[in-house]
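Some notes on the structure that comes next.
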Amino acid sequence: MTEISDEEAIEHFKRRLKKIPVEKQEKLKVVIGEKVYSVKDILSHMMAKDEIGKMELEIEKAYIRWLRERRKK
C-alpha cells in the first residue's frame with residue numbers, strides 16, 4: 001500500500017469539512033483527553049504538525065486507508 005503524505009491527509013480532511021454546512025461546523029467539537037477543540041482548531045493543529053496535529057494526521061491517514069480497503073471490496 002502506498003504511503004499517505006501529511007499534505008494528502010490535510011486535503012482529505014478539508015474536503016470532508018467542506019461537506020458540512022458552516023453553521024454546523026461551528027458547533028462541532030473534538031474531545032482529546034480533557035480538552036475540547038473546534039474542527040477549525042484541529043485543522044490548524046494538523047497544518048502546524050504539533051503534537052495534537054500529528055495525532056489527527058494519523059487518524060485521518062488511518063481513515064483514508066480504511067476507505068481505500070473498503071472500495072476494493
Long-range amide H partners of Ile32 with built H, under 5 Å: Tyr37
³J(HN,Hα), Karplus 6.51/-1.76/1.60, whole Hz, each residue of the stretch 21-37, x for Gly, Pro: x, 4, 5, 7, 4, 5, 8, 5, 10, 10, 9, 10, x, 9, 9, 10, 10
Directionally averaged projected area (convex hull, Cα atoms, the stretch 6-72), nm²: 4.8
MRE, 222 nm, helices only [DSSP H, n ≥ 4, -39500 (n - 2.57), over the chain, to nearest 500]: -21000 deg cm²/dmol
Length-normalised contact order of the chain in % [C-alpha pairs under 8 Å, at least 6 apart]: 28
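Rule-based calculations on the coordinates, nothing more; no lab input. Since the model is a prediction, treat every value here as computed from it, not as a measurement.
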